[in-house]
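Report on one structure; see the data block that follows.
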Amino acid sequence: MTDTQHEVSGGGGSITRLTPGEIFAIIAFWAFLAVLTAAGRLVDPRVAAVAAMRAMRPNPSGANTLALVEYALWAALTLPIFWMTRRYGGDRPTLKRVLMFLVIGVVLAVAVDALLQVISREVMPRPTFQRAPGPPLPRRLQPQPQVRGLFSRFSFLYDFIVYLVVLGAGLARNYLVRYQARLNETRRLEAEATKLRAEAAELHAQVTDARLNALRTQLNPHFLFNTLNAVSTLVDEDPPGARRMIARLSDLLRHTLGEGDEQEITLASELEMLRLYLDIMEVRFQDKLEVSIETEASLDDALVPNLVLQPLVENAFRHGLAQMQTVGRVAVRAVRDDGDLVLTVRDNGRGPANPVREGVGLTNTRARLTQLYGARQRLALNADEGGGALVEIRLPYHTTPQRRSARNA
């Protein structure tokens, strides 16, 4: 847990401490209020009369002086009240906290009111008036004891209301600062999470590339060894044919190496490499092989995994057509089905074994498809209705490389 989280959860976290600017604002507020009140009493005599009554002074100027003292006192008390809200305010109001604040408010209001009364009596004594000599005044006109009324009995309520206002301001400020701190912490955590997700996606992409390269490294020698084995069978039987196969193999390897380390190539490039491989197989099978490739020109730019069709065609030769005495047929087809590209390889051989046993080529092709496209791909090997085997690959149709992290979504 970070320091900011500790400060947010703790009652007296440093994040809610008053800044010098806030302390200056508090002092300026009370000074402005004192000036505004004094100006109001000068403009409106009724305000001065009410203040004099509350201060229990017949002289309004004395009441003004006492008011300035009172505002200075509340300016000094605002700081500890704000500290109390910061220390004990918490995030949620509880009955215990509310009662504590109310009790403190009553005690503080009574103390402030008593202090102001002492200042009013002792520091600023009321002036005395002497009556001129003469007959005694009627009883109704004789000086009566000062009737304080509500101001003497409940004069602390004014200070209690001021306390509640200051307390509410402190709690509001405390809540705002904590909310801002949580918001900043949330933004920081979101930024860190975004960074971690980006790093994880990059790492995942690197791992995926490493797996794909390993699969391709395993697939290329497998393809080369099988092709050389096919060439070796014709060295003694058909030397010219063997030389033609070697020339086709050279062209195929040159084309394969020219693709570099790209995991995806265009369908047109993939079919061009497949035709070079089929040329080699046609030399081997002589007149016992018929090959057809069906596609549309609009699909030439579609991206497919590099060397995705050759292992499937090779399986058709090894497991379906190698032992046939009649003409073998291999049909390769590429069509677009909604948002998918469907590749099929069909042969008229003996069909897949039951249960199906996948070799290196089919296993690696399935693994590469999973790494590249995740759940958005499918590879199926089934018996064809007319006999033989049917391999179908379904993958997302796209013409631009996709983000490796998005493919596995």
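The values are calculated or read from the model by the stated rules, or taken from the named source; none is laboratory data. In this text, all values refer to a predicted model and were calculated from it rather than measured experimentally. Cβ: placed from backbone, ideal geometry, glycine included. Neighbour counts: every protein chain shown. When the accessible area is computed, the model is the full protein with side chains, heavy atoms only, and any ligands, DNA or RNA have been set aside. Shrake-Rupley method; radii C 1.70, N 1.55, O 1.52, S 1.80 Å.
At-a-glance table
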{"item": "Solvent accessible area, Å² - residue 156, 1.4 Å probe, full protein context", "result": "50 Å²"}
{"item": "Whether region 235-307 is rounded, prolate or oblate, judged on the alpha carbon gyration tensor where a/c under 1.5 counts as rounded", "result": "oblate"}
{"item": "Antiparallel %, DSSP beta bridges [both residues in region 249-345], to 5", "result": "60 percent"}
{"item": "Per-pair calculated FRET efficiency, R0 = 45 Å: residue 94 and residue 192 via Cβ, rounded to 0.05", "result": "0.85"}
{"item": "Residue-normalised accessible area of region 257-409, given per residue in Å² at a 1.4 Å probe", "result": "49 Å²"}
{"item": "Within the accessible area of region 315-385 (1.4 Å probe), percent carbon and sulfur", "result": "45 percent"}
{"item": "Cβ-defined net charge surrounding residue 196, 13 Å radius [Lys, Arg +1; Asp, Glu -1]", "result": "-1"}
{"item": "Region 319-375: C-alpha gyration tensor shape, a/c 1.5 cut-off, then a/b vs b/c", "result": "oblate"}
{"item": "Which of 199, 264 is most accessible, then next, and so on - probe 1.4 Å", "result": "199, 264"}
{"item": "Region 224-365 shape via C-alpha gyration tensor axes, a/c threshold 1.5", "result": "oblate"}
{"item": "Computed label-point distance, nm, for sites residue 236 and residue 383 using a 7 Å Cα→Cβ extension", "result": "3.8 nm"}
{"item": "Beta bridge orientation in region 291-373: antiparallel %, DSSP, nearest 5", "result": "65 percent"}
{"item": "Accessible surface, 1.4 Å probe, highest first, among residues 319, 398, 255", "result": "319, 255, 398"}
{"item": "With DNA, RNA and ligands ignored, accessible area of residue 318 (1.4 Å probe; Å², nearest 10)", "result": "130 Å²"}
{"item": "Extended-chain gain in nm, criterion 0.36 nm per residue less alpha-carbon gap, residue 342 and residue 224", "result": "39.8 nm"}
{"item": "Accessible area (Å², 1.4 Å probe, nearest 10) - residue 27", "result": "100 Å²"}
{"item": "Probe 1.4 Å, all protein chains present, accessible-area order of 35, 112, 118, 335, largest first", "result": "35, 118, 335, 112"}
{"item": "Neighbourhood charge, 13 Å Cβ-Cβ cut-off, centred on residue 106 and excluding it, Lys, Arg +1 and Asp, Glu -1", "result": "-2"}
{"item": "Formal net charge of residues neighbouring residue 88 (Cβ-Cβ distance under 12 Å; K, R +1; D, E -1)", "result": "+3"}
